[in-house]
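The values are calculated or read from the model by the stated rules, or taken from the named source; none is laboratory data. Keep in mind that what you see is a predicted model, and the values were worked out from it rather than measured. Please note: Cβ atoms are built from the backbone with ideal geometry, for glycine as well, and neighbour counts cover all protein chains shown. Heads up: the accessible areas ignore ligands, DNA and RNA and are worked out on the full protein's heavy atoms, side chains in. Shrake-Rupley method; radii C 1.70, N 1.55, O 1.52, S 1.80 Å.
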Amino acid sequence: MADFIAPIRAVGLGIVLIISAVSGVVRAAPLSIVAAESVYGDIARQVGGDGVTVVSILSNPAQDPHLFEAGASAARAVADAQLVIHNGAGYDPWMNKLLSATGSRDRSVLVVADLAHAALGANPHLWYDLDAMTALAEAIADRLPAPDKAAKMNSPDRLIAFQDSMLRLTEKVTALKGKYAGMPVTATEPVFDYMARAIGLEMRNPAFQRAVMNDTEPSARDVAAFEDDLRQHRVKVLLYNLQATGTVPDRMRRIAEEAHIPVVGVSEVEPQGMRYQDWMSSELDALEKALSGAGQ
């Protein structure tokens with residue numbers, strides 16, 4: 001009898017080992033993520049890989065984010081999401097409404113403004129803050145499930161790859177700061193402001209920029225000061241928001257072009273087909289080209 005039971009036990013143990021091995025490679029369903037802005041959806045994909053599915057609500061580069069209104073499809077996506085990422089700082093108030101309307105469920109919410117310690121009323125263009133984007137990537141990685149060994153091994157690799165690419169961007173900013181810190185520039189809106197500050201540029205006409213950002217008319221005094229800066233070549237570059245045009249900003253662009261002041265386009269929505277890092281790098285390259293030729 002003992003000789004007969006032993007093979008049965010061996011077979012049973014083998015079955016258990018096979019089941020364990022099979023169950024070890026079964027992946028959990030991907031984490032469902034909804035990002036209010038496509039830049040955050042892109043970062044979530046880079047960090048999450050195959051372990052996430054991502055829906056980005058505001059993703060059209062031709063769309064003025066300040067005029068965006070969320071519809072039924074956005075509400076359905078938020079209702080089904082396990083993780084929601086949005087900007088905060090008053091930039092996307094429609095997301096707060098969607099979150100309230102769809103209940104809490106088993107859902108996490110990442111507010112980028114909280115990670116950047118940016119209060120309501122602060123400059124909301126937080127994707128130009130490299131430290132904030134690194135903090136966001138790390139927060140996303142913390143929320144990713146790792147149901148098997150492959151996921152546990154690859155998720156840190158993706159985060160490290162993102163951090164390395166951000167380090168290269170930071171090095172580029174540091175190099176620009178070494179060359180151009182203190183150089184006066186201006187902008188139609190404070191879109192690029194976090195990056196300009198990191199480079200050490202002297203940003204002029206902030207009151208004009210805030211008025212345009214808040215969809216109000218700049219004062220006559222602020223308009224006159226802006227025009228004078230351009231005509232008298234008191235600034236070396238005009239940073240122009242490509243997505244939020246208007247009569248007054250367009251006029252400033254024309255004056256800059258007439259005065260042969262370089263105009264560098266910046267945007268609020270990540271260009272389609274580009275990673276976040278490539279988007280930032282391309283804008284930094286365009287800025288460097290403009291600054292290096294300023295005054296020639």
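Taking E69, is it out of contact with any Pro (no Cβ under 8 Å at 6 or more places or on another chain), open to solvent by 10 Å² or more (accessible area, probe 1.4 Å) and closer than 25 Å to A29 by Cα?
For E69, the condition - out of contact with any Pro (no Cβ under 8 Å at 6 or more places or on another chain), open to solvent by 10 Å² or more (accessible area, probe 1.4 Å) and closer than 25 Å to A29 by Cα - is not met.
So, in the range 256-273, how many residues would count as being in contact with a Leu (Cβ under 9 Å, 6 or more places away or on another chain) and of a type in the set (S, T, N, Q)?
Number satisfying all stated conditions: 1.
Here are some conditions: (1) open to solvent by 60 Å² or more (accessible area, probe 1.4 Å); (2) of a type in the set (S, T, N, Q); (3) modelled with pLDDT under 95. S155 meets all but one. Which one does it not meet?
The single condition S155 does not satisfy is (1).
Hey, can you tell me all the residues within the range 185-242 that are under 23 Å from the mean Cα position of the chain (by Cα) and of a type in the set (S, T, Y)?
Of everything in the range 185-242, those that are under 23 Å from the mean Cα position of the chain (by Cα) and of a type in the set (S, T, Y) turn out to be T186, T188, Y194, Y240.
In the range 182-212, which residues are in contact with a strand residue (DSSP E or B) (Cβ under 9 Å, 6 or more places away or on another chain), open to solvent by 30 Å² or more (accessible area, probe 1.4 Å) and either among the small types (G, A, S) or at pLDDT below 95 (or both)?
Answer for the range 182-212, where residues must be in contact with a strand residue (DSSP E or B) (Cβ under 9 Å, 6 or more places away or on another chain), open to solvent by 30 Å² or more (accessible area, probe 1.4 Å) and either among the small types (G, A, S) or at pLDDT below 95 (or both): just G182.
Please specify each residue of the range 106-131 satisfying the condition of being free of Cβ contacts under 8 Å to residues at least 24 places away in the same chain and closer than 18 Å to L83 by Cα.
Residues satisfying the conditions do not exist here.
Yes or no, residue by residue, for (1) open to solvent by 20 Å² or more (accessible area, probe 1.4 Å); (2) touching a helix residue (DSSP H, G or I) at 6+ places or on another chain (Cβ under 7 Å); (3) more than 28 Å from R275 (Cα to Cα); (4) of a type in the set (K, R):
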| site | (1), (2), (3), (4) |
| --- | --- |
| L167 | yes, no, no, no |
| K179 | yes, no, no, yes |
| T216 | yes, no, yes, no |
| Y240 | no, yes, no, no |
